[in-house]
1. List, in order, the whole-Hz ³J(HN,Hα) value for each residue of region 169-182 obtained from phi through the Karplus relation with A = 6.51, B = -1.76, C = 1.60 and θ = phi - 60°; use x for Gly and Pro.
2. Would you grab the residues whose amide H sits under 5 Å from the one on LYS214? Only those 5+ places off in sequence or on another chain, please, with H modelled 1.01 Å from N.
3. I need to check one value: relative contact order of region 229-330, counting alpha carbon pairs closer than 8 Å and at least 6 residues apart, in percent.
4. Once phi is turned into θ = phi - 60°, what whole-Hz ³J(HN,Hα) does the Karplus curve with 6.51, -1.76 and 1.60 give for every residue of region 315-331, x standing for Gly and Pro?
5. For LEU206, what residues show an amide H to amide H distance below 5 Å, using hydrogens built from the backbone and excluding near sequence neighbours?
6. For ASP311 paired with SER132, estimate the spin-label separation in nm (one decimal), with each label point 7 Å from Cα along the Cα-to-Cβ line.
7. Considering only protein heavy atoms and a 1.4 Å probe, what is the carbon-and-sulfur percentage of the accessible area of the chain?
8. Quick one: Karplus J couplings for region 81-95, per residue in order, coefficients 6.51, -1.76, 1.60, θ = phi - 60°, nearest Hz, x for Gly and Pro?
Amino acid sequence: MKTVCITGCTGQTGSYLCERLLNDYKVYGLMRKSSSFNTERINHIFNHPNLELMYGDLTDGSNITNWIAKCKPDYFFNLGALSHVKVSFDQPLYTLNADAGGVINCLEAIRLHSPNTRFLHAGTSEQFGSSSPPQSEKTEMAPQSPYGVSKLAAYWLVRNYREGYGLFACSSISFNHESKKRSPTFVTGKICRGAARIKCGLQNELVLGNLKAKRSWNHVSDIIDGMLLMINAEKPDDYVIGSNKMISVEEFAEKVFSKLGMDWKDYVKVSEKYFRPNEVPNLEPDSTKIRTELGWTPKYSLDDIINEMLDEHMRLAKQEVLLKEEKLDER
Ligand code: NAP
Ligand code: GDD
């Protein structure tokens with residue numbers, strides 16, 4: 001049976017990828033030690049015989065080296081990262097260490113201990129920063145945050161190791177991807193959760209930051225389809241992955257609230273607290289290359305994504321209401 005290493009397996013994308021591969025591959029997942037449970041997204045597959053989890057951190061080179069030397073995987077997906085753009089301004093050096101230094105740790109370990117491993121790094125549209133949309137592989141990269149800068153460094157490191165050492169190493173340049181497992185610390189999750197809780201009487205308002213920024217929101221399953229095509233391609237290369245047209249945060253909120261029969265303007269407030277020192281205004285993918293060279297065909301519309309996220313957050317909000325009522329009954 002072929003083997004796969006996945007960093008970030010407790011995260012949104014990593015958890016979907018684990019689930020997708022488990023029946024056909026032996027999957028080794030790297031998870032961080034945390035003071036409370038951080039396996040919520042993979043609890044349903046936690047005891048699967050093909051899943052082996054190990055504690056680790058991308059910033060710990062010896063840990064990554066030992067892991068790769070032991071597993072010698074056929075495939076390696078580096079999905080672990082400090083992935084929150086605003087938080088990267090608060091922890092710039094940690095972000096550089098984890099999101100760029102961590103990639104050096106993976107590439108060096110592969111070069112020295114498992115040179116036949118196929119390596120995919122999760123790059124991001126944040127690398128484009130202030131460049132005008134639509135963005136393709138040829139667009140100038142002008143990142144606007146410690147996160148974007150770190151991911152751009154990682155992207156160049158991947159290219160260096162591919163060209164210098166002949167490793168099968170590639171970077172996906174993925175646009176925003178969402179799902180029912182998206183953390184509500186990101187704006188789509190925050191809006192869907194907030195609207196659902198307002199609908200169920202659990203909160204009165206939703207406080208957001210910059211409403212004017214535009215993003216292309218895609219489904220994580222489509223992005224994973226692209227990653228799998230890339231890592232199984234004849235030769236390693238970097239590809240933009242993303243398809244949906246960009247819309248503003250404001251338009252996203254309007255859609256979500258109206259699906260629940262509410263007007264977003266009655267509930268959404270804006271606070272400076274959620275603004276970033278630099279903003280990335282417009283991100284929209286030109287994914288011609290992956291469509292024509294690898295036959296990538298995305299399936300999810302923005303509406304599909306919002307419906308899935310709203311269903312989940314309505315389910316959670318109703319559950320919260322029931323729990324509250326039970327507590328009252330106990331008194
Ligand atoms: P996510 O939900 O935030 O998951 C990030 C994962 O990385 C979590 O499992 C987290 O562990 C782990 N992690 C964080 N720091 C780590 C470290 N120092 N060492 C090892 N693991 C660490 O992010 P996602 O949405 O799944 O994104 C997956 C990857 O794609 C990330 O690299 C992200 O930067 C990139 N990306 C995401 C998007 C998007 O829109 N989702 C777009 C482009 C690129 P804990 O569970 O313990 O926190
Ligand atoms: N998180 C958050 N919270 N963002 C807000 C809020 C808020 O309350 N209000 C407005 N926004 C705006 C942000 O300023 C940004 O312009 C936009 O909503 C999207 O923010 P996020 O959902 O945090 O995502 P992101 O685009 O910054 O980063 C995500 O996508 C990148 C790919 O483009 C992350 O998943 C990154 O890891 C990923 O690389």
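The values are calculated or read from the model by the stated rules, or taken from the named source; none is laboratory data. Predicted, not measured: the structure shown is a model, and the values here were computed from it. Please note: Cβ atoms are built from the backbone with ideal geometry, for glycine as well, and neighbour counts cover all protein chains shown. In case anyone asks, the SASA skips ligands and DNA or RNA and just uses the protein heavy atoms, side chains included. Shrake-Rupley method; radii C 1.70, N 1.55, O 1.52, S 1.80 Å.
1. Rounded to whole hertz, the list is 9, 9, 10, 7, 10, 8, 7, 3, 10, 10, 4, 5, 9, 5.
2. Close amide H contacts, sequence-distant or interchain: ASN282, LEU283.
3. Working: 46 pairs, mean separation 38.1, N = 102.
It comes to 37 percent, rounded to a whole number.
4. Karplus-based 3J(HN,Hα) across region 315-331 equals 4, 5, 5, 5, 4, 5, 5, 4, 4, 4, 5, 4, 4, 5, 4, 5, 6 Hz.
5. VAL268, LYS269
6. Modelled inter-label distance: 4.1 nm.
7. Result for the chain: 49 percent of the exposed heavy-atom area is carbon or sulfur.
8. Once θ is set to phi - 60°, the couplings for region 81-95 become 5, 6, 9, 9, 4, 5, 5, 5, 6, 7, 10, x, 6, 4, 4 Hz.
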